[in-house]
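Worksheet for the structure shown next.
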Amino acid sequence: MQSPRVEIDLSHGWTFARIPGGVSRQVDLPHCWNEYDTFEEGTAYYQGRGAYRRRFATPSDVAGGDRVWLLECGGFYGRAAVRLNGRRLGAVDGQYLGFCFDVGRRLRPRDENELSVRLDNFYRRNMLPGIRWPDFLLYGGLAGRALLRGLPLVHLRDGKTRLNFSPTGNGDGFVDVTCSVANRSDRERSVDVIWEMADAEDHAVGSAEPAHLHLPAGSMERPLQCRICLRQPRLWSPHDPYLYRIRGRIEEEGRMIDCAEHRFGCRTAEFRPDRGFFLNGERVELRGVNRHESMPGFGNALPRELHQADARLIKELGLNFVRLSHYPQSPHFLDACDELGILVYAEIATWKSVRAGRWLRAARRQMAGMIERDCRHPSVILWGMGNESRSRRAYLELTETARALDPGRPLIYAENHLYRARRKRTVGLPDVWGLNYELDAMEEGQAASRLRNVLISECSNSPHAVRGNVAEEAKQIGAILSDLERFRDRPYVAGFALWNFNDYATLRKRRYRRFCGVVDAWRVPKRSAALLQAMFLEEPFLKALVDWGEDGPDGERELTVFTNCRRVEIFRNGCKAAECEGAAYLPLRVNFEPGELLVVGSGGQGPAAQSVWSFGPPYHLCFPGLPDSLSAAERATFPVDLELRDARDRLVSREGAVSMSVDGPARLRTSRPDGRIAFAEGKGRAYMSGIGRKGRAILKAFCEGLDQVERAVDFR
């Protein structure tokens, strides 16, 4: 079914300059002006102003006036002034959600248009999060893509569409659709609204009775409710994240004049008092991480591919849950969570910053905007009202806002001091008690929530766990094991979210960098990632880590094994050296011998095995897994993994730094503008992005004492 809607991508070909006095340069959206002034010890990031400008041709049917034209921009932090053809459209608070303006009367028919956006990322007390130095950065720039959307004059209002699935007792179910229809034309219209569902293969599975509406001229909203009955629907879950397509269309005299499509997962989700979280009637332990939407070299302007890669990596760790700390995050990430079966705790932008007045009015707008944008995602199971701050009035008003828009989804806020919650009278307000670190207050937290459930919203913070620092990584593993043991076998604890998924930048207390992640800032896994895989993966898993360098000491070496196998055997050059019971975390010692160290797991989820080869001095660098060619039109962003190898092409497990550059139609993304990247245990990572032009990109890497290595990638 071809939609009568038009969508024009305005994300490419912008000019940008910091103001005043910045040098103009070409950029694409998403864009962040803090790409390279973060994640550096002692470096304060730029908080100031920037200006974006772009020209675009007018769509051919603008002059006819038969469409509503909307200018949309994705989420960003800060205040922005938007102009089209020199005329001010308005000033907006980005709210991490972006803006939308009706621009039909401002577009120039049969001519070129000029769009400009001036914005800043200054702290403001009444602009969320409303704190000068939260434990994350207030990134600047247009961090979402820009679109010009053309809607028919009579259309379905996407932000007003609600979808709710309910099962029947015999395995069937129904989907209730609540929507709104607008008539922006200058005459009364008589139309039929029809909602239908199709499966993932686009086969029809159900439809609602057509609704006939008479729409007065110029009416902005006409509410409508209908029901689609389903036979034996396939339920969405982490193990089977099945997505249907639900389509609404408007017909006038038998001709389709508008069509909207949404993906939808049929599932029920509830927190049962004292018993935890239940999905489709079965208890599911929420096992997850907090996630910051940032990466050195990108700031907070991650392209779609990196949002998708983050979701895949969370799933590969054996996890099923993520908290979006502490602000609304990209719809691309939520789309990936829908597709992979990752449950989501979404929250408004707060960090020790909940209060009344203008702040609360902004918070209610942000809560409403987040719910309107994200409520159709089956992955979202909780709306978050705040983090580590409390206000009875604020939480009552935010609850009122959320209940009006999405009455069935529970509310939560994350609390780290229960005694302060009692003093501020916020106990009993949230549906689920979000508990940060205060593990000795779990039972009291249970009693402090309406549904008598606790979610460990943060735990196991290990801010010094730098990848490659074996001692600090071991402390992180110990913190995770200790915390998870403390709430094991407590049914009212619905699950946990470790702090954190990724290392991140912060200026809070001039810390600059927090190495709390189970992956580093560039998403290279740490040892704690292997621990999670050993604990939670269902398929056989074994990972062995040891410094097997031939320049190391004779005698015993420290070997760490992570596995879900019941038995582990260790072989040196074919001869058995040790045997023991398996465990998720197994620190051992084994005598060094040049050659192969083979670790074999059996029983349980086994078999699984890994070989580690002794290595000599560094000899060369290599790019494992780098593609030979890519589509230039897709402007793809992809990881550039780098490994240090010896003369026998064996991985050299050492630390160091590498300088990288690229020539040709691509852009290299590293943590620093000089192209240097750090590597640990013989591995490092940068990212490369196509810029939309065809040609050959030559990637170069250089390390002191080694020859420069080059690799070509063709953009076709």
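Annotations for the structure displayed:
- Evaluation of ALA200 against the conditions (1) outside the structural domain of GLY171 (by TED's automatic domain parsing); (2) surrounded by fewer than 15 Cβ atoms within 10 Å (Cβ to Cβ) shows that the sole unmet condition is (1).
- Considered as a group, the residues in the range 137-186 that are assigned to a strand (DSSP E or B) and touching a helix residue (DSSP H, G or I) at 6+ places or on another chain (Cβ under 7 Å) include one that is surrounded by the most Cβ atoms within 10 Å (Cβ to Cβ), and that residue is CYS179.
- Entry remark, the range 389-405: residues being among the aliphatic types (A, V, I, L, M) and more than 27 Å from the chain's Cα centre (by Cα) number 1 in total.
- Criterion: at pLDDT below 95, farther than 22 Å from TRP383 by Cα, assigned by TED's automatic domain parsing to the domain that holds THR350 and small (Gly, Ala, Ser) - qualifying residue of GLY428, GLY468: GLY468
- Hits in the range 1-29 (condition: within 30 Å of ALA198 (Cβ to Cβ) and part of a loop (DSSP other than H, G, I, E, B)): MET1, GLN2, SER3, PRO4, ARG5, SER11
- The range 47-58, residues that are in contact with a Phe, Trp or Tyr (Cβ under 8 Å, 6 or more places away or on another chain) and surrounded by fewer than 17 Cβ atoms within 10 Å (Cβ to Cβ): GLY48, ARG53
- Helices (runs of 4 or more DSSP H) within the range 265-375 that include 3 or more residues in contact with an Asp or Glu (Cβ under 7 Å, 6 or more places away or on another chain) and without any contact (Cβ under 8 Å) to a residue 40 or more places away in the chain: 358-374
- Leading residue by the ranking (modelled with the highest pLDDT) among those in the range 226-260 that are assigned to a loop (DSSP other than H, G, I, E, B), charged (D, E, K, R) and over 12 Å from ASP199 (Cβ atoms): ASP240
- Some residue of the range 396-413 being crowded, with 20+ Cβ neighbours inside 10 Å, of a type in the set (Asp, Glu) and free of Cβ contacts under 8 Å to residues at least 60 places away in the same chain: no
- Check on TYR437, aromatic (Phe, Trp, Tyr), more than 23 Å from ASP374 (Cβ to Cβ) and not assigned by TED's automatic domain parsing to the domain that holds GLY159: yes
- Residue count for the range 623-657, restricted to those that are among the hydroxyl-bearing types (Ser, Thr, Tyr) and surrounded by 18 or more Cβ atoms within 10 Å (Cβ to Cβ): 2
- Matching option when the condition is charged (D, E, K, R) and farther than 26 Å from ALA633 by Cα, among ARG55, ARG5, ARG67: ARG67
- Only one of the numbered conditions (1) closer than 30 Å to GLY254 by Cα; (2) modelled with pLDDT of 95 or more; (3) crowded, with 22+ Cβ neighbours inside 10 Å is not met by ASN121, and that is (1).
- Criterion applied to GLY606, GLY601 was being in contact with a Gly (Cβ under 7 Å, 6 or more places away or on another chain), buried (at least 18 other Cβ atoms within 10 Å of the Cβ) and either not charged (D, E, K, R) or not assigned by TED's automatic domain parsing to the domain that holds ARG711 (or both), and the one residue passing it is GLY601.
- Restricting attention to the range 418-431, the residues that are in a loop (DSSP other than H, G, I, E, B) and touching a residue at least 24 places away in the same chain (Cβ under 8 Å) total 5.
- The strands (runs of 3 or more DSSP E) found entirely in the range 435-547 that carry 1 or more residues being surrounded by fewer than 24 Cβ atoms within 10 Å (Cβ to Cβ) and on the phi > 0 side of the Ramachandran plot are 493-498, 512-514.
The values are calculated or read from the model by the stated rules, or taken from the named source; none is laboratory data. Note that the structure is predicted; figures quoted are calculated from it, not measured. Every residue, glycine among them, receives a Cβ derived from its backbone with ideal geometry; neighbour counts consider all protein chains shown.
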